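Heads up, the thing below is written out as C-alpha cells.
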Amino acid sequence: MPFLVAGDPSLEKFKELCVAIEPFCDILEIGIPFSDPIADGPTIQEANVRAFKAGITTTRALEGIKDIRSKTEKPIIILTYYNILIQGAQTIEESLDKTFKNLKQNGVDGILIGDLPIEEADLALKVCEKYDICLIFLIAPSTTEERLEKILKSARGFLYLIAVMGITGARSRVAQITKDTIQRMKEKTEEILPIFVGFGISSPEHASTIINAGADGIIIGSAMVNIITKNLSDFVEMKSEMVKFVSSIKNAMMALQKHNSRS
C-alpha cells in the first residue's frame with residue numbers, strides 16, 4: 001500500500017503518478033494535505049507544503065481522487081486529520097455527515113484519521129457505518145491489550161501497525177521491536193483483521209522482513225515521497241523511478257509468496 005500526498009508535486013502530476021503505480025498496488029493510500037500533520041516527519045511535511053503551494057485544497061484533492069477512482073477498482077484509503085472533517089456545517093455531526101457523504105461520492109473506501117483515538121471515535125464510527133467507509137485505526141508497540149480489544153470491536157478493513165515509535169520517515173533497518181509487536185498483535189487479531197505495517201519501511205528487504213515476521217501487508221510513504229523530492233526538476237525521471245521502486249516492492253512480495261507456498 002503506497003502512500004502519496006494529494007497534489008504533490010502538483011495535482012496533475014500526482015494523478016499521473018498514482019495511475020502509473022496502480023498496477024503494482026493492492027491498496028492506494030492518499031494523504032489529504034493538512035497544515036499540522038502531527039504524525040508525519042519532515043519528508044511528508046514538505047510534501048504537504050508543496051501541495052499547498054501547488055494550490056491544493058481538500059475539495060481539489062477529492063476531485064483528484066475521484067479521477068483516480070475512475071481508473072481503478074482497487075481500494076482507496078485516505079489519511080487525514082479530524083479538523084478537516086468537521087468543517088462546512090453548523091454542528092460537528094452535520095459536518096461529519098456532509099464530509100463523509102462527499103468522501104463516498106468521490107470514491108473513498110477507507111479513512112485513517114491521524115489524531116482520532118478510539119476513545120473519541122463514536123461520531124466518526126457512526127458516519128462511517130452510514131456511508132460504508134472503513135475507519136482504520138493505528139496500533140503501536142505501546143498499545144495495551146485492553147486498548148487493542150476496544151479497537152478490534154470497532155475497526156474495519158485492516159489495522160495500521162506503526163512499526164516504530166515516533167513520526168513517519170524512512171529508516172535503515174527493521175527494528176526488533178517491530179518484529180516482536182507484529183507477532184504479539186497477530187496472536188490477538190488473526191481471526192479478526194489483517195495487520196498492515198507502516199512507518200520506516202524503505203526497501204524490498206524491509207518489506208520481506210516485515211511479511212516474514214507475520215504481517216499481512218506493508219505501507220510505504222516517506223520513501224515514495226523522497227523520490228518526488230529528489231526529482232522535482234525532472235518529472236519523467238520521477239515517474240520512472242517511482243514505478244521502478246513500487247514494482248520492486250511488489251516483486252519482492254510475490255517472490256516471497258511463491259517461496260512460502262512451496263515450503
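Only the coordinates and a few stated rules stand behind these numbers; no lab work does. Worth saying up front: this structure is predicted, and the values here are computed from it rather than measured. In this analysis, Cβ positions are derived from the backbone assuming ideal geometry, glycine residues included, and neighbour counts consider all displayed protein chains.
Using a basic spin-label model with each label point 7 Å from the Cα along Cα→Cβ, how many nm lie between Val19 and Ser142? For the pair Val19/Ser142, the computed spacing is 4.3 nm. Residue exposure proxy: Thr189, Thr178, ordered by other Cβ atoms within 10 angstrom of their Cβ from fewest to most, comes out as Thr189, Thr178. Placing pseudo-labels 7 Å out from each Cα toward the beta carbon at Lys104 and Ile177 gives an inter-label distance of 4.0 nm.
With a Förster radius of 51 Å applied to the C-beta separation of Ser35 and Gln257, the computed FRET efficiency comes to 0.80.
Once Rg and the Kirkwood radius are both taken over the C-alpha atoms of the range 178-263, their ratio Rg/Rh works out to 1.06. Per residue, the chain reaches -15500 deg cm²/dmol at 222 nm when only DSSP H runs of four or more residues are counted, each adding -39500 (n - 2.57). Remark on Gly31: its backbone amide H falls under 5 Å from those of Leu4, Val5, Ala6, Leu79, a criterion applied only to residues 5 or more positions apart or on other chains, H modelled at 1.01 Å from N. In this structure, the pairs whose alpha-carbon distance is over 32 Å, taken from Lys104/Lys186; Lys66/Lys258; Lys188/Lys250; Lys74/Lys186, are Lys66/Lys258. Sorted largest first, the spans of the alpha carbon positions of the chain along the three principal axes are 56, 49, 31 Å.
Leaving out same-chain residues fewer than 8 places away, which aspartates and glutamates sit with a Cα under 16 Å from that of Lys179? Lys179 reaches Glu187, Glu190, Glu205, Asp216. For the range 173-263, a simple Cβ point-charge model (Lys and Arg +1, Asp and Glu -1, everything else neutral) yields a dipole of about 160 debye relative to the Cα centre. A simple spin-label model places the labels of Asn212 and Val49 3.8 nm from each other, with each point 7 Å out along Cα-to-Cβ. Fewest-first ordering of Ser203, Ser35 by other beta carbons within 10 Å of each residue's beta carbon gives Ser35, Ser203.
State to the nearest 20 debye the size of the charge dipole of the range 3-262 about its Cα centre, where the only charges are +1 on K and R beta carbons and -1 on D and E beta carbons.
On the way: 30 positive and 34 negative charges, 127 e Å.
Here the range 3-262 has a charge dipole of around 600 debye.
Taking other C-beta atoms within 10 angstrom as a stand-in for reagent exposure, Met224, Met1 fall in the order Met1, Met224, fewest first. The lysines within cross-link reach of Lys230, meaning a Cα-to-Cα straight distance under 17 Å and a gap of 8 or more places when in the same chain, are Lys13, Lys239, Lys244. The residue among Ser248, Pro141, Tyr81 whose Cα reaches farthest toward the positive pole of the charge dipole of the range 3-262, with charges on the beta-carbon of Lys, Arg, Asp and Glu, is Ser248.
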